[in-house]
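See below for the structure under consideration.
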Amino acid sequence: MEMFSESILNRKNKRTQTLFRTLFMLMTLLLILPVLIILGTLIYKGGSIISVDFLFTDPIKGMTAGGIFPALFGTVWLVAVALMVSVPLGVAAAIYLSEYAPNNWFTRAINLAIINLAGVPSIVHALFGVGAFVIFFGFGTSILSASLTLAIMTLPVVIVATKESLQAVPEAFREACWNMGATRWQTIRRVVLPNAVSGILTGVILEVSRTTGETAPIMFTGAAFFLPFLPQSVFDQTMAMSLHLFVVSTQVPGVPNALPYGVALVLIAMVLLMNSISIAFRMHLRGKKKW
Amino acid sequence: MVTTADRMVTEHPAEVLPKLEVTDLSISYGNTNVLSGINLKVMPNEIFGIIGPANAGKTSFLKVLNRMDTFDSNMSFEGDVSFNGLNTRKLRNLYALRSRIGVVFPLPVGLPLTIYENVALSPRLMGTKSKVELDIIVERCLMRAALWDEVKDRLNSLGSLLSGGQQQRLTIARALSQDPELLMLDEFSIAVDPVTTMRIEDVLKELKKEMTIILVTNLVQQARRLADRTAFFLAGECVEIENTEDLFTGNTQDERTLGYIEGRFG
């Protein structure tokens, strides 16, 4: 008998292998099906309404016609202010947890709290935001209150992403620096952070895309049903894309069919755009690996 | 029995201050003791070899010498380590201590910086800003580490992407950039080819004129080639310390040392 001829066992293994590969592939295809259907429907039903005018004019006739500019503008505001709070706070916390914190019960408790914070439902964050920022701190229903609520909600994303990218920097690099007489901070600034910054940015972009779509946390804290003017400062209320979509889909009678689909399409396009940037960025950085 | 300290007195004039003096040192991780009862002196401008099988406590020993134990909450030591006659327990600025001690690890650690930045890092940390000064340091250290000719045209490419042997020489250049009084090498030749190893060994013989060197090695013959005195560590104790020549001509105090050197165990 030849040494490399197929035995019955070989053939059986091969068949099983094909079976499982096909099965897993079908599962994967099934997974992207909903995404394709959603996108397809949105483009089919709402694509016709998208135009430069739609993006850059105010809604008119009780939001049954016109554009979405105040909502688009408001969402950018909300996300920007939320980032200004959550990024410095989250990165600092992650640096502490990853580089300084001793491995004791206190640190473990903080880590646990962060994981739990990530699991808190957004409506609970919303109510917390009302209690803390709107009422207690007296910011009222405003961009500031809404953004702070969003910031707290997305803080775990920033912390976890930052921590992971810091910990991806090999420990040997830190030890080499410490052995030279570098302090922890010198080591972080010269060697650890420069090599973690790509991962941190990826986390931040993911946070942006999540913040963009959130509705519940801003509903009671700063986003308005309809505002005939743009916000002048962080203490004003604002319209927002996600809430606007909810309003034109369910709260206003007589909205033409294409309008909510158009709003949804713009919202999803914003999120996808941010995600694509994040992915492209990651691929670009993976291309120039440093060790 | 003649103690180590006695022998030191006879070999070196009393007025020469030991670079390093270790008294009753024992090291533990948590409740596990890895090294105990170490007493030794390392004199200026000598190469002090440490040989011994794995788990003898050699690396832990080095970690205490430059007080890296402060970065490992699990690690603790008893006894005293004096550097230039100063007890390192009483030093306020351990960063300054570490900056005077260069360390080379078993596996080369090229930092993810350019070759230039790898060598310029330590001077920068110490506050050197002048580009001219840094240029001089970088060139001199790379030359002394026998790496300059291979990298002088690509100083701005990443140090972490050099070959293993080159990275190890880069690590040595980086250690030299600290202008150290003491250079500690921990099995530096593990990831280096024999030719490069010989080149580095020649470098070490030169460096000895300017600094003190502690050479931990698992190659017994390397200790013989380089070390003035050699200590044999075994399972957490220092079995003996001898002039290297005595050690290799069979004049050992302890049967185990002879056995290790002749390759009967370890």
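Model label points for A:Ala92 and A:Ile115, set 7 angstrom from Cα along the Cα-to-Cβ axis, are 2.6 nm apart. Take B:Thr70: with every protein chain present and a 1.4 Å probe, its accessible area is about 70 Å². Between A:Ile279 and A:Asn103, the modelled labels are 3.6 nm apart [label points 7 Å from Cα along Cα→Cβ].
For segment B:21-109, the solvent-accessible area works out to 41 Å² per residue, with a probe of 1.4 Å and every protein chain left in place.
Of the accessible area of segment A:78-286, computed with a 1.4 Å probe over protein heavy atoms only, carbon and sulfur atoms account for 71 percent.
Counting only heavy atoms of the protein chains and using a 1.4 Å probe, B:Val132 has close to 100 Å² of accessible surface. What's the center-to-center distance, using Cα atoms, between segment B:14-75 and segment B:149-167 in Å? With segment B:14-75 and segment B:149-167 each reduced to a Cα centre, they are spaced 32 Å.
Put +1 on the Cβ of each Lys and Arg and -1 on the Cβ of each Asp and Glu in the protein assembly as shown; which of B:Ser26, A:Val192, B:Thr212 then has its Cα farthest toward the positive end of the dipole? With unit charges placed on the Cβ atoms, the residue in question is A:Val192. Shown are A:Arg184, A:Arg210, A:Arg11, whose ranking by accessible area with a 1.4 Å probe and every protein chain present, most to least, is A:Arg11, A:Arg210, A:Arg184.
Counting, for every residue in B:245-257, the Cβ atoms of other protein chains within 10 Å of its Cβ and taking the mean gives 0.
Chains A and B together bury roughly 1900 Å² of accessible area, counting both sides, with a 1.4 Å probe on protein heavy atoms only. Note on chain A: GNM, Cα springs under 10 Å; of A:Ser145, A:Ser233, A:Ser249, the largest mean-square fluctuation is that of A:Ser233. Over the protein assembly as shown, dividing the summed -39,500 (n - 2.57) contributions of all DSSP H runs of at least 4 residues by the number of residues returns a 222 nm mean residue ellipticity of -16500 deg cm²/dmol.
In segment A:189-208, the residues whose accessible area drops by at least 30 square angstrom when the other protein chains are added to the isolated chain are A:Arg190, A:Val191; the probe is 1.4 Å and only protein heavy atoms count. Burial here means at least 50 square angstrom less accessible surface with every protein chain in place than with the chain by itself, probed at 1.4 Å; in segment B:51-76 the buried residues are B:Met68, B:Phe71.
Could you tell me which residue out of A:Val248, A:Leu206, A:Phe220 lies farthest along the dipole of segment A:78-286 toward its positive end? Charges go on the beta carbon: Lys and Arg +1, Asp and Glu -1, centred on the Cα centre. Positive-most Cα among the choices belongs to A:Leu206. Of the residues making up segment A:156-179, those losing 40 Å² or more of accessible area when the isolated chain is joined by the remaining protein chains, with a 1.4 Å probe, are A:Phe173, A:Ala176, A:Trp178, A:Asn179. Taking every alpha-carbon pair under 8 Å whose residues sit at least 6 apart, chain B reaches a relative contact order of 26 percent. Taking every protein chain into account, the 1.4 Å probe leaves B:Thr23 with about 60 Å² of accessible area, to the nearest ten.
Computed in the context of the full set of protein chains, the accessible area of segment B:82-192 at 1.4 Å probe radius has 53% of its extent on carbon or sulfur. Per residue, the accessible area of segment A:78-286 comes to 45 Å², computed with a 1.4 Å probe over protein heavy atoms only. Under the convention that each Lys and Arg Cβ holds +1 and each Asp and Glu Cβ holds -1, the size of the dipole of the protein assembly as shown around its Cα centre is about 1700 debye.
Computed over chain B with a Gaussian network model linking Cα atoms closer than 10 Å, the most mobile of B:Asn218, B:Asn84, B:Asn74 is B:Asn74. If R0 equals 22 Å, the separation of the Cβ atoms of B:Phe71 and B:Asn93 corresponds to a calculated FRET efficiency of about 0.90. Counting 0.36 nm for each residue step from B:Glu262 to B:Lys208 and taking away their Cα separation leaves a gain of 16.7 nm.
Spin-label model, A:Ser51/A:Ile8: points 7 Å from Cα along the beta carbon direction are separated by 7.3 nm. Residues A:Tyr44, A:Tyr261 ordered from highest to lowest accessible area at a 1.4 Å probe: A:Tyr44, A:Tyr261. Of the residues B:Leu183, A:Leu273, A:Leu144, A:Leu230, ranked by 1.4 Å probe accessible area with the largest first, the sequence reads A:Leu273, A:Leu230, A:Leu144, B:Leu183. In the protein assembly as shown, taking the dipole from charged Cβ atoms about the Cα centre, the farthest positive-side position among A:Leu112, A:Pro34, B:Ser189 is held by A:Pro34.
Loop-located chymotrypsin sites (Phe, Trp or Tyr not before Pro) in segment A:201-236 (DSSP state other than H, G, I, E, B) with a sparse environment of at most 12 neighbouring Cβ atoms within 10 Å: A:Phe229.
Net charge of the neighbourhood of B:Pro123, taken over other residues with C-beta under 14 Å away and scored Lys/Arg +1, Asp/Glu -1, is +2. When only Cα pairs below 8 angstrom with a gap of at least 6 residues are kept, segment A:78-286 shows a relative contact order of 26 percent.
The values are calculated or read from the model by the stated rules, or taken from the named source; none is laboratory data. Quick caveat: nothing in here was measured; it's all calculated off a predicted structure. Glycine also receives a Cβ, built like all others from the backbone with ideal geometry; neighbour counts cover every protein chain displayed. Side chains included, ligands, DNA and RNA excluded: accessible areas come from the protein's heavy atoms. Shrake-Rupley method; radii C 1.70, N 1.55, O 1.52, S 1.80 Å.
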